[in-house]
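What follows is calculated from the coordinates using simple rules that are stated; it is not laboratory data. Bear in mind the structure is a predicted one, so any value in this text is a computation, not a measurement. Note that each Cβ is placed from the backbone with ideal geometry, even for glycine, and that neighbours are counted across all protein chains shown.
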Amino acid sequence: MTDARRVHTQWSSRMAFILAASGSAIGLGNIWKFPYLTGDNGGGAFVLVYLLCVAALGVPIMMAETMLGRRGRQSPINTMLALADEAKASPLWHYVGWVGVLAGFLILSYYSVIAGWAMAYIPKMSSGMFSHSDAAKAGEVFRELQGSSQLQFIWHTLFMTATMAIVSMGVSAGLEKWTRYLMPLLFVMLILLDGYAMTTGGFGQGIAFLFKPDFSRLGGEGVLAAMGQAFFSLGLGMGAIMVYGSYLPSHVSIARASLFVAAADTIVALLAGVAIFPIVFANHLAPTMGEGLIFQTLPVAFGQMPAGATVGALFFLLMFFAAITSSIALIEPAVAWLSENRGMSRSAAAFWSGAACWLIGLGTIFSFNDWAGYTWFGKNFFELIDFLTSDLMLPVGGVLVAVFAGWIMRPADSEAELEMGAGSGYRVWQFLIRYIAPAGVGLVFLRAVGVI
Ligand code: TRP
């Protein structure tokens, strides 16, 4: 055991790990991205493929990533180096860690812009400007924000600064405590919104849209988007969960913790979908509105609720909080590497990685206004970064983790680390990770490019 492994800090308890991992998993992916991707990709069939991907690929890969992290007990890059060495495999495996650092950077660059929108909506909501407003007004307010690079610049800068400040303060300090109260509150708010959705005339239509699969509406790109969203929402394939795994005490059951986190993440996404689509149909809006979907629908709902201004402001505040617990995890692989390998202090590492993300994020801001006309392969800058990360890098990173855990690491080691007891749990996991994960991701890629 190296020194780095011995002095590495650990979570206070299993619950602390679960809270932190759920905090990284539950974020804009659930509340903002899941609804709009579902809307763009025709509804039920997309949701079904998404759920399948979470169960068959997401959970086993989450277990694998957590396990590698706990065994390596360092940043993802150094963990992969150490574990490759232990398995007498090529040190080239540490490039898995690099895919993660890069993906985290790129995701955070646009994540921060969208989180900035959520922040911008806190004062907007509390001002009461949406009181009894209709969908047309909500659309107008959103387009004004999206059209203004100056306003987005300010909110994006604020969000990145907050992320850097928290990251430079250290791992579990403070945030763990907040997560414990604020995430359940977010959950309650979503249930409240679901209750409201039931009172709108669009509830039946919204539920049918979400849960009645119509495969004629889901093309190859949609299947790829569903898989990418599964990786994105669970926060897999980029070493972030590996970092959390590295702080996990050795007696904790990885299988149970992973199942819990995946279930919580999925439930929150579905609750958000159930809240939003009835509002969409009740107001005769198109579900294919894209990245502005929740910002153009939820304010209408809050505008009609008693105390809607306060409830709405609180909702966007909680959304901001959910975003920041994810953004901390997105940047952590880079920060961990810079402080372990480059001898940087945590604050310096947080500052420099944050500054780089911030700069790339400007591209996303401009893609909604000044650069809206520039596209590559039919995608603007934001869509391109999103595609490269969610649909390519995360699934590839996830499969590499699966192949390493299933084929490279000695089964005796993975079995010992997972500690799943005498039942068939370990065999099931091994089968999913060895065969289903690589084959599933491979098939989806082939389908997306039209080969099958
Ligand atoms: N899961 C986060 C969300 O749903 C986004 C995300 C993707 C993420 N990859 C991650 C968060 C890695 C933390 C770590 O919003």
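Residues SER133, SER127, SER22, SER109, arranged from fewest to most other Cβ atoms within 10 angstrom of their Cβ, appear as SER127, SER133, SER22, SER109.
Centre-to-centre separation between the Cα atoms of the stretch 218-295 and those of the stretch 352-421: 14 Å.
Dipole check for the stretch 3-448: with +1 at the C-beta of Lys and Arg, -1 at the C-beta of Asp and Glu, and the Cα centre as origin, the magnitude is about 620 Debye.
Local charge sum around ALA372 (other residues, Cβ-Cβ under 14 Å, Lys/Arg +1, Asp/Glu -1)? Every neighbour counted, the sum reads -1. Projecting the Cα atoms of PRO91, MET119, VAL101 onto the dipole axis of the stretch 82-166, where Lys and Arg carry +1 and Asp and Glu carry -1 at the beta carbon, places MET119 farthest toward the positive end. For the stretch 27-34, 3J(HN,Hα) computed residue by residue from phi via the Karplus equation (6.51, -1.76, 1.60; θ = phi - 60°) reads x, 4, x, 7, 8, 9, 7, 4 Hz, glycine and proline entered as x. Normalising the Debye intensity of the stretch 23-147 to I(0), with uniform scatterers on Cα atoms only, and taking log10 at q = 0.15, 0.18 Å⁻¹ returns -0.93, -1.12. Rounded to the nearest Hz, the phi-derived 3J(HN,Hα) couplings of the stretch 196-206 under the Karplus curve 6.51 cos²θ - 1.76 cosθ + 1.60 (θ = phi - 60°) are 4, 4, 5, 7, 7, x, x, 4, x, 5, x, where x marks glycine and proline.
Loop exposure criterion: trypsin sites (Lys or Arg not before Pro), DSSP state outside H, G, I, E and B, at most 10 other Cβ atoms within 10 Å. Applied to the chain, the longest stretch between such sites is 89-341. Based on C-alpha pairs under 8 angstrom that are at least 6 apart in sequence, the stretch 3-448 has a relative contact order of 36 percent. Note on the chain: helix-only mean residue ellipticity at 222 nm, from DSSP H runs of 4+ residues weighted -39500 (n - 2.57) and normalised by residue number, equals -23000 deg cm²/dmol. Put simply, the Cα atoms of the chain extend 64, 47, 42 Å along their principal axes, the longest span coming first. Projecting the Cα positions of SER168, ILE294, GLY425 onto the charge dipole of the stretch 3-448 (unit charges on Cβ atoms of Lys, Arg, Asp and Glu, taken about the Cα centre) puts GLY425 furthest along the positive direction. What the phi angles of the stretch 327-334 give under the Karplus curve with 6.51, -1.76 and 1.60, with θ = phi - 60°, is a coupling list of 5, 4, 6, 5, 8, 4, x, 5 Hz, glycine and proline written as x. Putting +1 on Lys and Arg Cβ atoms and -1 on Asp and Glu Cβ atoms, find which of MET189, ASN380, VAL403 reaches farthest to the positive end of the dipole of the chain. Checking the options against the dipole of the chain, the answer is VAL403.
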